[in-house]
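Below is one structure, written out as C-alpha cells; comments come after it.
The values are calculated or read from the model by the stated rules, or taken from the named source; none is laboratory data. No experiment lies behind these values; they were computed from the predicted model shown. Glycine gets a Cβ as well: all are built from the backbone with ideal geometry, and neighbour counts include every protein chain shown.
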C-alpha cells in the first residue's frame, strides 16, 4: 500500500501540478471521449500506458477476458452492458474497440473448463464457441490459447451488434467497431481485418 500512496504523492507533485489548468477545464466541461475501449482486467494490460492517451480521451471498460455479452435487458446487473449504453447513447463515442491480449488468464480458465458454479465460469460462457473452434483447428496448447483469444474478440464484436442502439449507430455510419489484439511480450498490436477474419500486425 505504501507504494500506491507514494505514487499518489508523486502524481500530485508532478503531473497534477504541471497540468492543473487542463484538469480544471476537463472537470468543468465534462468528458467527451471519441472511443470506448473494452479491455481485460489483467493487471499487466494498461490501455492508457500503451496508447499514450490523456485523461478524457478514452472511455475504458475492463472485465475478465474483455468480453461483450449479448443484449439481455432482463433487469439484472450488467456492468459492461451499462457502460456500453452510456458510452454510445450519452457520450456518443464514434468508435468501440474490443482489445484482446496474449496470455489472457480468463481465456486460460475457459480452455481449462472453469467450475460451472463460480462467477468466472458463468461469465466465460459467452466465449465458449471460441474455445470449441480453438480445439477443433489447432494442435498445441499455445496455439489453441491464442486462437481462442482471437475468436473471443470476434464473438464480442458480433455481440455488440445485438444491442439495438449499437447496430443502429453502426448502420447509420456514426459508430465503428474494431477488434484489436495486443501481445505485451513483443509489444505487438494486431488489428482484425473484418474481410479476411485475420488479425494483422500494425
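Can you name every residue in the stretch 23-52 that is out of contact with any strand residue (DSSP E or B) (no Cβ under 9 Å at 6 or more places or on another chain) and either assigned by TED's automatic domain parsing to the domain that holds residue 90 or closer than 22 Å to residue 87 by Cβ (or both)? Break it down into steps so the answer makes sense when it comes.
From the stretch 23-52, those out of contact with any strand residue (DSSP E or B) (no Cβ under 9 Å at 6 or more places or on another chain) are 23-30, 32, 43, 49, 52; that's our starting set.
Residues satisfying the conditions are 23, 25, 26, 27, 28, 29, 30, 32, 43, 49, 52.
Scan the stretch 8-16 and give yes if some residue there is over 30 Å from residue 120 (Cα atoms), surrounded by fewer than 13 Cβ atoms within 10 Å (Cβ to Cβ) and within 24 Å of the chain's Cα centre (by Cα), otherwise no. Looking for residues that are over 30 Å from residue 120 (Cα atoms), surrounded by fewer than 13 Cβ atoms within 10 Å (Cβ to Cβ) and within 24 Å of the chain's Cα centre (by Cα), one finds none in the stretch 8-16, hence no.
When the stretch 55-83 is examined, which residues are found to be at pLDDT below 95 and within 11 Å of the chain's Cα centre (by Cα)? Selection gives nothing. If you scan the stretch 132-152, which residues turn out to be in contact (Cβ under 8 Å) with a residue 24 or more places away in the chain and surrounded by 15 or more Cβ atoms within 10 Å (Cβ to Cβ)? Listed by number, the residues that qualify are 144, 145, 146, 148, 149, 150, 151, 152. A search for C-beta distances below 6 Å between a residue of the stretch 65-82 that is in contact (Cβ under 8 Å) with a residue 40 or more places away in the chain and any residue that is surrounded by 10 or more Cβ atoms within 10 Å (Cβ to Cβ) and part of a loop (DSSP other than H, G, I, E, B), counting only pairs 6+ apart in sequence or on different chains, returns 65/104; 70/162; 71/162; 71/163.
For the stretch 16-40, residues that are closer than 30 Å to residue 64 by Cβ and either free of Cβ contacts under 8 Å to residues at least 24 places away in the same chain or not in a strand (DSSP E or B) (or both) total 6.
For the stretch 50-129, list the helices (runs of 4 or more DSSP H) that sit wholly inside it and hold at least 1 residues that are under 26 Å from residue 29 (Cβ atoms); which are they?
Numbers: elements: 79-85, 105-111, 119-124.
Helices (runs of 4 or more DSSP H) meeting the threshold: 79-85.
Taking the stretch 153-202 as the range and being within 17 Å of residue 93 (Cα to Cα) and exposed (fewer than 14 other Cβ atoms within 10 Å of the Cβ) as the test, the residues that pass are 164, 165, 168, 171, 172, 173, 174, 176.
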